[in-house]
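Some notes on the structure that comes next.
None of the figures in this text is laboratory data; all of them are computed from the coordinates on show. This one's a predicted model, so the numbers in the text were calculated from it and none came from an experiment. No Cβ is skipped: glycine too gets one built from the backbone with ideal geometry, and neighbour counts run over all protein chains shown.
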Amino acid sequence: MIKRILQSIKGDRLLKQGLVDTNYYLLAQVGSRVIGLLIIPIFARLLTLEEFATYDLFILASSFIVLLGGLGMDSGAAIKIAENKDDTVALHSLLFTTLFVSLLSIVFLWLVAIVTWYLGFATNDFNPYLIHGLFIYTILYQFNYLVYNFIRWLGNAKIAALINFTSYILGIVGGLVCMLIWKSTLANYILGAIAGSTIGVILSAYYARSYLAVRFLPADHFKDLLRLSLPYVPTYLSSYFMQFVDRLLITSFFGLSTLGLYALVNRVGQVVTFTLQIISSGFRPIITVNYATEEGQGLSRKIFTGYWLATVPVSIISILMSPLIINIFGGDKYQMAIPVLPYIILSVWLLGSFFLFGFGYQIKRKTIYVTLITFMVVVLIYVLSLVFIRTSGMIGIAQATTLAAALGAFLYVYISERLYSFKYSMKLMMLSIFTSVLILVLFDKWQS
């Protein structure tokens, strides 16, 4: 059987191309994410639980602004690139238009925040300088991300990986250096991150110089771009709103110190997200371009089968490794977060299937369905959290997230298959999800 699989891989052109592209992203992502992971233990030990919670909220706020200001054009642009990959003028116009509109939208949100401050709607402890830092940092990040996304969907994995690596490293290292040189405060981290990200913008512009030109999309093409992009906005926002909601519930019921515990667990859980994003960065563009061929569909089925076969081992490993992981990343003051980690890892893994599958929504241009599914997941998490949090505490929110993620992942793939079938094994997916959730529940009951 192993020999047959190896022969299948050897003869699969798209699979080999995907593996090559994945290697580029892997090298860039591993280098940058390793540094990002190393910062977590440093922050967790330098900062109090409350301060770490504030740092987590700052990062989430920046992500929220990026998604709101981006108008979903990173996903809409992917479809337009696939449709116009040989039209150089259209590609130039697409990149400039997405950059201009997205950055202008973020500036508008910045002005709204300033007006809110001057009209007195903000609280007394509101720091306008921190808000300015947040928006400047976010604008720089968004420029780097949009250039990276454009180059990635063009299929130039090497340059895209280089842009992603340099921009991420410069921002995060700049922030850490300022914290170590001066006082360990969030303000110093932001100043350093802004300085590093500015250098990253210059490098990103250099790498993409052949595509940067002051040229807008024609009105009809821009309307089509927005029609493709805007349905993704509620989907993206609801995903991040989900994180704001659970943090709001934790803060309301338990305070910032408990939020610090939960924030650490979520940061550790991002390791799973980063891994799935790396795989998706290499394979999804290839499958999207070749979705109508048996070769492209066959590659997607191989990934689907491997993904869901790995779900049960992921659950078991997360249970066994949680004490060690928490000790490494957080230390003694984060021990109460140990039973929460397996639920977070599994929920992130289940929701990570959104990165790798669901091609039917793009192919049939039914991305609004993704919005509805994600909104359902958010509502379900909120409702279940209100129930479980009263009986299980902080872990109840993690349990609610896992159950909602399981249902959302299944519906996401099932409906996509109804729109455009890749002949996935839905029975395998259902069995993997059920077994993994059952393992966590039984282990939690045994522990208690």
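With both labels modelled 7 Å from their Cα along Cα-to-Cβ, the F434 to T391 distance reads 2.2 nm. In terms of Cα atoms, the Rg and Dmax of the stretch 73-228 work out to 17.7, 55 Å.
So what's the stretch 192-321 giving for Rg/Rh, alpha carbon basis, Kirkwood Rh from the mean inverse pair distance? Each step should come with its number before you reach the end.
On the way: Rg = 20.7 Å, Rh = 19.7 Å.
Rg divided by Rh gives 1.05.
Taking 0.36 nm per residue of separation and subtracting the current Cα-Cα distance, fully stretching the chain between N327 and S210 would add 37.4 nm. Spin-label model, Q270/T48: points 7 Å from Cα along the beta carbon direction are separated by 2.3 nm.
What does the extension gain come out to for M336 and M426, with contour length at 0.36 nm per residue minus their alpha carbon separation?
Details: separation 90, 0.36 × 90 = 32.40 nm, distance 3.65 nm.
Gain on extension, M336 to M426, equals 28.8 nm.
What the Cα convex hull of the stretch 283-396 gives, in volume per residue, is 121 Å³.
Please give the FRET efficiency for W446 paired with I59, using the beta carbon to beta carbon distance and R0 = 45 Å, rounded to the nearest 0.05.
Values: r = 35 Å, r/R0 = 0.78.
Once rounded, the FRET efficiency stands at 0.80.
Two numbers describe the Cα atoms of the chain: Rg and Dmax, which are 21.8, 70 Å.
Between F108 and I181, take the C-beta separation as r, use R0 = 41 Å, and let me know the FRET efficiency to the nearest 0.05. Write out the running numbers ahead of the final one.
Values: r = 35 Å, r/R0 = 0.84.
In this case the efficiency is close to 0.75.
Placing unit charges on the Cβ atoms only, positive for Lys and Arg and negative for Asp and Glu, gives the chain a dipole magnitude near 1000 debye about its Cα centre. Gaussian network model of the chain, Cα springs within a sub-10 Å range: biggest mean-square fluctuation belongs to which of L380, L248, L228? Highest fluctuation of the listed residues: L248.
Magnitude of the charge dipole for the stretch 305-448, about its Cα centre and with charges confined to Cβ atoms of Lys, Arg (+1) and Asp, Glu (-1), is about 480 debye. If you look at the Cα atoms of the stretch 306-352, you get an Rg and a Dmax of 11.4, 37 Å. Computed over the chain with a Gaussian network model linking Cα atoms closer than 10 Å, the most mobile of A292, A193, A263 is A292. State, to one decimal in nm, how far the label point of V383 lies from the label point of I202, with both points 7 Å from Cα in the Cβ direction. Calculated label separation equals 5.4 nm.
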